[in-house]
Amino acid sequence: MKKDSLRFRQIHLDFHTSPAIPGIGKAFDKKRWQASLETAHADSVTCFSCCHHGWSYHPTEVGARHPGLSFDLLRAQIDAGHEIGVNVPIYLSAGLNNRVAELEPGWREVSPEGKLSGWAGSPLRAGFKKLCFNSPYLDYFCRLTEEAARLFPDADGMFFDIIVQGQCCCSRCLRDMAREGYDPEKELDRLRFARRTLKKYMERVTAAARSVRADMPVFHNNGNLLTPGNRGLLPYYSHLELESLPTGGWGYDHFPLLAAFCRTLDRDFLGMTGKFHTTWGEFGGFKHPNALRYECAAMLAQGARCSIGDQLHPSGAPDESTCRLIGAAYAEVEKKEPWCRGAAGAANVAILSPDGFNKPLRKDENAEIGLSRLLLEGHIPFDRLDDGNDFSPYKVLILPEGLRPDAALRKRLKTFLADGGKLVVSGSALLKAESETPAFDLPLRYDGETDLFPNYVEIAPEFSDEVTTPFVMYYPSQKIRVTGGKSLGRVYDPYFNRDYRHFCSHQHTPFRPEPSGFDAGVLTGSILYFAHPVFRLYANYGSVILKNFLLKALRALIGPDLLVTTDLPSQGRISLLVQKAKRRYVCHALYAETVLRGMRSVLYTDRIRESHPVQVIEELNPVYGVKFSFRLPKKIRKVTLEPEGTVLPFTEREGLVEVTLEKLVCHAMIVLHW
């Protein structure tokens, strides 16, 4: 797919339809379909070739047409869309196919415990069934894909779903693991073999998709594969789609972390939310229009195009309420596109992803999640890097706990520091990958990891806020004694660890009155080190005192290298992109207040999913008099508010451009022209 050609206003139209429902597509009408797409301001709609139930929505010799369908619905949808200039990629369910699973139970994926994998724990429960990609099912699916490529060469792409291979122990996987030198009794080997199987799937299915048209856009949907460390899979993608429904369990801070990495790649990408109050498969569920407005703006702010998930009624008739709901958001996106097309990230701060360098088979992103939240709430634009990224565009690199640098990374970081860069290091990232010795030239003595915890930190005055007494740090720290630079504070040990022999009160043991002699971290001119795993702590506990401490220390290190500062409240979000061809920076500012609604309930779970609390956006309350300060590499000649076209007054002194946004409702684009 040509760079920067991905459509901005897409709809992902689910159509997983039971064979027990008659009259499939009976209400489809071309004119009504086209009018609905126009109401939704959509420029692309993904329609179904084959669903999770295993039925095709067009004539097929490989699969089986839905028993309730009497015509070629997919062809009608493609032709109707193309007639009005709307793209129509087609969807095929890869990992789930109930029809095939019931016909060929030997093709099912089998867990190490001997259970058939799927979305239901019992054959007496409703749910989709998982197929093994190392079985003859892959041959079948490739034939199904090749057929779709022949029937619909004019499709605008192929979207393959549920691209997951578990630790399958079916007879074929056990046989092939043994034959290829894997030990099926070892989890690590099962994970390695699953990865090998997944790559084999991608090679074959991508080739099948492009068997008629070599330029057929292809996407394989598995969010875990769109994270740092997976560059080897990029040849099988023409673009990226980041499924991240905030109300579907992902939350509002999930997408920015995914986007922070994908933005650095040479692929266009889009964000995918849903119109549902909860998540996929919710007929008659709607979120507030303001929520969709915010979610689409948040995608644009991260350099992404937009996709909104919906589910078509079995009758084939579009839902008018949904079209109006989507249209309210996409009408705004349409106006904003000129300031989003061709935009790239302009951040000079970056997270070095532990998974992107260590490449584990089991990912652990908790530290990165905490760090991402901290930077989002602190309004510090950032990217996310793996070992394939260039470090030179950045001023500050952050090594979260878990990333113990090996010799190759240490060499790169030494060059980065010599060129004037700065590092933030946390917890165990202080240590070399191959030994228990510090990887960085810091003024400290290292004495291992503490065995007394939770311990406490008395923050040094210049980094403290309201709290001046020791506050609790739940996870173990590295024991360091600062010999130079600036100490971040003193560590206090508990009297003892809580166990059956001795405990105190409800949670953990209080601190001894005297400090332990160890420090909470150190700040030098080029390196900031935190002795605790502070980013994992923030992810799991969310302490405001910890956040304020970390942000004060970060700002003390980054100082004049901060590209933008603002007094926007912590619920606000900013990003900084650049359109080089247009000679302008675009600062996106967003503000919305999320409210937790609902609660967990297992009532009627034989008929519906259990309920969970949902993050809801309802009102879009304005904020007034928001101040921004920019220190950018280019000389700014004009500042405008877009798409309104309003010229904003600004002041400039010593390279600092200051702008005040009198009123911010949901989303604003401050454009700085050079």
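How much net charge surrounds Leu417 when only other residues with a Cβ under 13 Å from its Cβ are counted (Lys, Arg +1; Asp, Glu -1)?
On the way: positive: Lys395, Arg410, Lys411, Arg412, Lys414, Lys422; negative: Asp419, Asp441.
After counting each charged neighbour, the total is +4.
Given points 7 Å out from each Cα along the Cα-Cβ axis, report the Arg143 to Ser505 separation in nanometres with one decimal.
For Arg143 paired with Ser505, the spin-label model returns 6.9 nm.
Given R₀ = 35 Å, FRET efficiency for Glu662-Asp465 by Cβ-Cβ distance, to 0.05?
0.75
Can you give the relative contact order of region 565-673 as a percent, counting alpha carbon pairs under 8 Å and 6+ residues apart?
With pairs under 8 Å counted, the relative contact order is 31 percent.
Write down the percent of antiparallel bridges among all DSSP beta bridges whose residues are both part of region 349-561, to the nearest 5. If you can, show how the numbers build up before the last one.
Working: 19 of 33 bridges.
Within region 349-561, antiparallel bridges account for around 60 percent of the total.
Of Leu641, Thr566, Ala556, which is farthest along the charge dipole of region 531-664 in the positive direction, counting Lys and Arg as +1 and Asp and Glu as -1 at C-beta?
Of the options given, the answer is Ala556.
If you add up the charges near Phe471, with Lys and Arg at +1 and Asp and Glu at -1, over every other residue whose beta carbon is less than 13 angstrom from its beta carbon, what do you get?
Taking every Cβ under 13 Å from that of Phe471, the sum is -1.
Region 390-418 to region 224-264: how many Å between their Cα centroids?
If you average the Cα positions of each part, the centres end up 23 Å apart.
For region 349-561, with only Lys/Arg (+1) and Asp/Glu (-1) charged at the beta-carbon, what is the dipole magnitude about the Cα centre, in debye rounded to 20?
Numbers: 25 positive and 27 negative charges, 26 e Å.
Here region 349-561 has a charge dipole of around 120 debye.
Counting Lys +1, Arg +1, Asp -1, Glu -1, what net charge surrounds Arg32 among other residues with beta carbon under 12 Å of its beta carbon?
On the way: positive: Lys30, Lys31; negative: Asp29, Glu38, Asp319, Glu320.
Neighbour charge sum, excluding Arg32 itself: -2.
If you work out Rg and Dmax of the Cα atoms in Å from the coordinates, which of [x] 25.4, 80; [y] 26.7, 81; [z] 24.4, 85 do you get?
Recomputing Rg and Dmax of the Cα atoms in Å here gives the entry labelled [y].
Given points 7 Å out from each Cα along the Cα-Cβ axis, report the Val602 to Ala556 separation in nanometres with one decimal.
Label at Val602, label at Ala556, 4.9 nm between them.
Straight-line reach only, C-alpha to C-alpha below 14 angstrom: list the aspartates and glutamates that Lys129 could link to, leaving out same-chain residues fewer than 8 apart.
Filter leaves Glu102, Glu104, Glu109, Asp161.
Excluding residues on the same chain fewer than 8 positions from Lys582, give the lysines whose Cα lies under 20 Å from its Cα.
Partners within reach: Lys2, Lys3, Lys335, Lys336, Lys634, Lys635, Lys638.
Going Cα to Cα from Lys359, which lysines come in below 18 Å? Please leave out same-chain ones fewer than 8 positions away.
Output for Lys359: Lys199, Lys432.
Treating the beta-carbon of each Lys and Arg as +1 and of each Asp and Glu as -1, no other charges, what is the dipole magnitude of the chain about its Cα centre, to the nearest 20 debye?
On the way: 84 positive and 79 negative charges, 184 e Å.
Result for the chain is approximately 880 debye, rounded to the nearest 20.
When the Karplus curve 6.51 cos²θ - 1.76 cosθ + 1.60 is applied with θ = phi - 60°, which whole-Hz ³J(HN,Hα) does each residue of region 255-263 get, with x for Gly and Pro?
4, x, 6, 4, 5, 4, 8, 4, 5
Helix-only estimate, please: 222 nm mean residue ellipticity of the chain, summing -39500 (n - 2.57) across DSSP H runs of length 4 or more and dividing by its residues, to the nearest 500.
On the way: 14 runs with 165 residues, N = 674.
Rounded to the nearest 500, it is -7500 deg cm²/dmol.
So, R0 is 30 Å and r is the distance between the beta-carbons of Glu593 and Ala27; what FRET efficiency does that work out to, to 0.05?
0.15
Assuming R0 = 51 Å, what is the FRET efficiency of Leu265 and Arg175, from their Cβ-Cβ distance, to the nearest 0.05?
For Leu265 and Arg175, the calculated efficiency is 0.90.
Among 468-475, 401-408, 585-592, what's the highest-first ranking by average C-beta atoms within 10 angstrom per residue?
585-592, 401-408, 468-475
Is the shape of region 586-674 rounded, prolate or oblate, going by the alpha carbon gyration tensor and its root eigenvalues a ≥ b ≥ c, with a/c under 1.5 for rounded and a/b larger than b/c for prolate?
Cα axes put region 586-674 in the prolate bin.
Can you give me the relative contact order of region 9-341 as a percent, contacts being Cα pairs under 8 Å and 6 or more apart?
The value is 20 percent.
Using the Cα centre of the chain as origin and beta-carbon charges of +1 (Lys, Arg) and -1 (Asp, Glu), tell me which of Asn97, His254, Pro405 is placed farthest towards the positive end of the dipole.
Final value for the positive-end residue is Pro405.
With a cut-off of 8 Å between alpha carbons and a minimum separation of six or more residues, what is the relative contact order of the chain in percent?
Relative contact order comes out at 11 percent.
Does region 1-112 classify as rounded, prolate or oblate by the C-alpha gyration tensor (a ≥ b ≥ c root eigenvalues; a/c under 1.5 gives rounded; else a/b over b/c gives prolate, otherwise oblate)?
On the way: a/c = 2.60, a/b = 1.52, b/c = 1.71.
In terms of gyration-tensor shape, oblate.
From the residues Ser428, Pro513, Phe440, which one has its Cα farthest along the dipole of region 349-561 in the positive direction, the dipole being from +1 and -1 charges on Cβ of Lys/Arg and Asp/Glu about the Cα centre?
Value: Phe440.
So for each of 126-135, 150-159, 294-303, 596-605 I average, over its residues, the number of other beta carbons within 10 Å; can you give me the resulting order with the highest mean first?
Taking the mean over residues of other Cβ atoms within 10 Å, the ranking is 294-303, 126-135, 150-159, 596-605.
Name the residues of region 81-99 whose amide N is less than 20 Å from a point 7 angstrom out from the Cα of Ala20 along the C-beta direction?
97-99
Highest mean first, what order results for 28-40, 259-271, 162-174, 518-530 on Cβ atoms within 10 Å?
The peptides rank, most packed first, as 518-530, 259-271, 162-174, 28-40.
Which of Tyr456, Tyr495, Tyr446 comes first, and how do the rest follow, when ranked by fewest Cβ neighbours within 10 Å? List each step's numbers first, then the result.
On the way: Tyr456 23, Tyr495 12, Tyr446 16.
Taking fewest neighbouring Cβ atoms as first place, the list is Tyr495, Tyr446, Tyr456.
Coordinate-derived values only; no laboratory data. A quick note: this is a predicted structure, and the numbers were derived from the prediction, not measured. When we count neighbours, we look across all protein chains shown, and the Cβ atoms used for this are built from the backbone with ideal geometry, even at glycine.
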